[in-house]
Amino acid sequence: MFRIDDLVVAAPEVHRSQQVRDDLDEAMEKSRTDSTVSGSVIQNVSPVNKLDAVRYNTVGIVNQPGTGNRFGGSMKIRTFGDWGASESINGLPAFKSAGEEGGGYGNTFIPSIAVDRINVLKGGRAVEFGNGSDGGVLETLIKSGRDYDNHQAITLDGSSAREGLVQGEAGDHTDNWDYYVAGSGFYGDYKDEPADLDNQSVFGGIGNFGWNLNDDTRAELLVIGDKSKPVIYRNGNKETITHDQYFGGLTLDHRINEATSLRVGALANNSHTVWAARSRDRAINTRMVFGGYYMEYALTDSITYNGSVGGEFRHTNYKRDNQWDNKFNDPAVLTRHALTFDDNLVLNLGLRNTWFHNDIKYLGADQPDNLQTDSLLSYDVGASYSVLPDTRLRASAATGYNRFYEKYGNFGADALNPAGAEDSIVDSRTLEVGARQGWAGGYFDAAVYNIVQNNVPRRNGGAIQNVKVDQTGVELEAGAQITPKLFISAGYAHLFKIKSTLDDGTDANGNIFFGANGVSVPRNQANARITYAVTSDIGLWTAGYYSTGYEAVDLNGNVTKRDGFERIDLGGDWAITDKVVLRARVENLTNEKDFGTTVSGTAANTAGNLGRVFWIGTDFTF
C-alpha cells in the first residue's frame with residue numbers, strides 16, 4: 001500500500017561484522033548530497049519502469065528531450081559530458097552495462113518488487129565507486145530476508161495499453177541465515193500503439209542470501225538475471241531486439257575486534273544486446289575483486305576516528321558489433337578517513353589511485369597503445385556541521401572519472417588516430433555547498449554545485465578532440481507531513497549554465513560530442529508528490545514532473561529551443577483485508593505525448609505516440 005513517510009528512510013539492520021564499515025560510510029556521506037526514493041513509491045508510481053519513480057521523487061537526474069516518456073528514463077546525474085552514470089547494487093563498486101536499445105521499456109534490470117530503495121548519490125564519487133562516477137552514481141538497495149518472517153506475496157498489474165505484469169517475492173530469516181527471492185514477468189501486446197512497437201516481453205529474477213557463519217562473520221550472495229525482448233517496427237519492417245543481463249556479487253565481512261573489521265568480495269556483470277536487423281551486437285562484461293580493512297577508534301572523549309584502506313581490481317570486456325573486442329584492466333588502491341568532533345562536526349578525506357591499462361582489438365587486429373592517462377588520483381574531501389540541532393551545513397570537493405568505453409564505435413575508429421587525443425580518461429571535479437533544515441514532520445534541503453569535466457571526447461575530422469564541460473546548478477528538495485493523513489514532497493533543479501571549451505581554448509558554447517550540435521539543457525525541472533490517507537484502509541496519491549523546456553546552443557552560437565512538458569499520474573489503493581490490496585492508477589493524466597522533442601514554433605508530430613494509460617492492480621500477501 002502507498003502509506004509512505006519519506007522523511008526518514010530507515011536503513012536495514014546490519015550484522016555486527018559490518019558495523020564498523022557502516023559507521024564509516026555514514027560519516028563520509030554527511031558532507032555529500034543525495035536523494036532517495038523508497039521501494040513502495042516505485043511499486044505504486046511505475047512498477048515496470050523504476051526510473052519513472054526516480055525522476056518523480058528525486059532531483060539531480062537530467063531528463064533530456066524524449067526521456068520523459070513512460071518507456072524511458074535518464075541515468076544522467078547532473079553532468080552533460082557523459083552518457084549516463086554507473087550503477088551500484090547494495091553499495092558494491094559501480095559498473096556500466098550495455099544499453100537496452102530500439103524501443104519499449106529500457107531499464108528492466110532488477111524486478112521493482114525487490115527494490116528497498118534507490119539512492120541518487122550526487123557529485124564525483126570515484127573514491128568509493130570507481131568508473132562512471134563523473135556527476136554521481138545510481139545506487140539500488142535490495143530487500144533483505146532479515147526484514148521478513150516467512151513472508152510470501154504476489155502483485156498483479158494490467159494496463160489499458162494491453163500490458164500485464166506479475167511479480168512475486170518471498171523472504172525469511174533465522175539467527176544463522178536469511179534469504180529474499182523475487183521474480184517478475186511482463187508482456188505488452190501493443191499492436192503498433194505506440195506506432196513503432198509491436199510487443200515486448202521481460203522476465204527477471206533475483207536472490208539475496210545471507211549466512212551468519214558466526215557472531216563475527218557474515219557472507220552475502222546476490223544474484224540477478226534479466227531478459228528483455230522488444231519487437232519493434234522500423235521502416236515498415238518488424239525487428240526483434242534481445243537484451244540479457246546477469247549479475248552476481250559475493251562478499252564476506254569479518255569483525256576482528258570492537259574497533260576493526262575486514263571485507264573481501266567479488267562481482268561479475270554480463271550485459272548483452274543484439275539487434276540483428278541493424279547488425280548490432282554489443283556487450284559490456286565486468287569482473288571485479290575488492291577488499292578493505294576498516295577501523296573505528298575513540299581518540300578522546302569527544303573525537304571519533306573512522307577509516308579504511310583497501311584495493312580493487314576491475315576487468316571490463318567491451319564488445320561492439322563484431323568489430324571491437326576491447327579489454328580494460330584497472331587496479332586501484334583507496335583509503336577513506338573521517339573525524340567526528342562532539343558527535344557534530346565531521347571532517348572527511350578519501351583518496352584513490354587508479355592505474356589504467358588498454359588492450360584494444362579492432363577488426364580482429366591488436367592496436368597500438370592509445371591510452372593517454374596511465375593513472376589518476378581521485379579525492380573526496382568534505383565537512384559538515386550542525387549550527388542548530390536541526391540545521392546542518394555541508395561542503396565538499398570530490399572527483400569522479402569515466403572510462404567512456406562508448407567512444408569506440410560511436411565515434412568510429414577516431415580513438416585510434418594518433419593525430420588526436422586518442423583515449424584520455426574523463427575526469428571531473430565537483431565543488432558543492434549545501435544545507436538541510438529539519439523540523440517535526442518535515443525537512444528542506446538545498447545544494448549549489450559546480451562540476452567541471454575534463455577530456456570529454458568529441459569527434460573532430462576523424463580524430464578525438466578533448467573538451468572541457470563546465471556546469472553549475474542549484475537543487476532544492478523538501479518533504480512535510482502536513483497532517484497525520486497528508487504528506488507532500490517536492491523537488492526543483494535549475495541549471496545556471498553549461499559551457500564547453502575545446503582543447504585549443506575555443507568557446508564551443510553547448511557543443512560537446514558531435515559536429516556543431518549543442519546539447520539540450522533543461523533549465524528548470526520540478527517534481528512533486530502528494531499522498532493522502534482517506535481512511536486507514538483507503539489512500540490516494542498524485543505525482544507530477546514538469547520541465548520548462550530546453551535550450552541548445554551550438555558551436556556557432558545558434559540557439560534551438562524545445563517546448564516544455566508535464567507528466568502527472570494519479571492513483572489510489574484500498575486494503576480490503578490485511579492481506580489483499582486493490583490498486584488503480586491513471587498514468588499521464590494530461591495525455592502528454594511529446595516530452596520535449598518538439599522545436600519551439602514548429603508543429604508537434606505526436607501521431608502514434610502513446611499518451612494516457614489506465615492501470616489496475618492487486619497485492620496478495622500469504
TODO: Please go through the range 590-606 and pick out each residue that is open to solvent by 20 Å² or more (accessible area, probe 1.4 Å) and either of a type in the set (S, T, N, Q) or over 26 Å from the mean Cα position of the chain (by Cα) (or both).
DONE: Thr590, Asn591, Thr597, Val599, Ser600, Gly601, Thr602, Ala603, Ala604, Asn605, Thr606
TODO: Look at the range 79-112 and say how many of its residues are in a loop (DSSP other than H, G, I, E, B), open to solvent by less than 30 Å² (accessible area, probe 1.4 Å) and polar (S, T, N, Q).
DONE: 4
Task: All positions within the range 113-148 that are of a type in the set (Gly, Ala, Ser) and assigned to a helix (DSSP H, G or I) - done: Ala114, Ala126, Gly145
Task: Which listed residue, of Leu476, Leu495, is open to solvent by 10 Å² or more (accessible area, probe 1.4 Å), closer than 28 Å to Gly510 by Cβ and either at pLDDT below 95 or not in a strand (DSSP E or B) (or both) - done: Leu495
Task: Near pairs, Cβ below 6 angstrom, 6+ apart or cross-chain, from the range 459-475 (within 17 Å of Asn410 (Cβ to Cβ) and without any contact (Cβ under 8 Å) to a residue 60 or more places away in the chain) to any residue that is open to solvent by less than 20 Å² (accessible area, probe 1.4 Å) and part of a strand (DSSP E or B) - done: Ile464/Pro457; Gln465/Arg458
Task: Selection count where residues are of a type in the set (Phe, Trp, Tyr) and open to solvent by less than 40 Å² (accessible area, probe 1.4 Å), scope the range 607-622 - done: 1
Open item on the list: So, in the range 227-244, how many residues would count as being open to solvent by 10 Å² or more (accessible area, probe 1.4 Å) and in a strand (DSSP E or B)?
Closed with: 11
- [ ] Give me a count of the residues in the range 30-56 that are among the acidic types (Asp, Glu), open to solvent by 10 Å² or more (accessible area, probe 1.4 Å) and closer than 22 Å to Gly617 by Cα.
- [x] 0
Open item on the list: When you check Gly205 against the structure, is it open to solvent by 10 Å² or more (accessible area, probe 1.4 Å) and in contact (Cβ under 8 Å) with a residue 40 or more places away in the chain, yes or no?
Closed with: yes
Open item on the list: Regarding the range 397-417, can at least one residue be identified that is assigned to a loop (DSSP other than H, G, I, E, B), among the basic types (Lys, Arg) and open to solvent by 40 Å² or more (accessible area, probe 1.4 Å)?
Closed with: no
TODO: Scan Val534, Val553, Val521, Val581 and give me the residue that is farther than 24 Å from Asn455 by Cα, of a type outside the set (D, E, K, R) and either free of Cβ contacts under 8 Å to residues at least 40 places away in the same chain or buried (at least 17 other Cβ atoms within 10 Å of the Cβ) (or both).
DONE: Val581
- [ ] Tell me, yes or no, whether the range 97-117 has at least one residue that is farther than 27 Å from Asp147 by Cβ, under 14 Å from the mean Cα position of the chain (by Cα) and in contact (Cβ under 8 Å) with a residue 60 or more places away in the chain.
- [x] yes
Task: 1 or more residues open to solvent by 60 Å² or more (accessible area, probe 1.4 Å), among the basic types (Lys, Arg) and modelled with pLDDT of 95 or more: qualifying strands (runs of 3 or more DSSP E) within the range 283-365 - done: 303-320, 324-341
- [ ] Taking Thr67 as the residue in question, decide whether it is open to solvent by 20 Å² or more (accessible area, probe 1.4 Å) and among the β-branched types (Val, Ile, Thr).
- [x] yes
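The values are calculated or read from the model by the stated rules, or taken from the named source; none is laboratory data. Given the structure is predicted, the values throughout are model-derived calculations rather than measurements. Quick reminder, even Gly has a Cβ in these numbers, built from the backbone with ideal geometry, and neighbours come from all protein chains shown. To get the accessible areas, we keep the full protein, side chains included, count just its heavy atoms, and leave off ligands, DNA and RNA. Shrake-Rupley method; radii C 1.70, N 1.55, O 1.52, S 1.80 Å.
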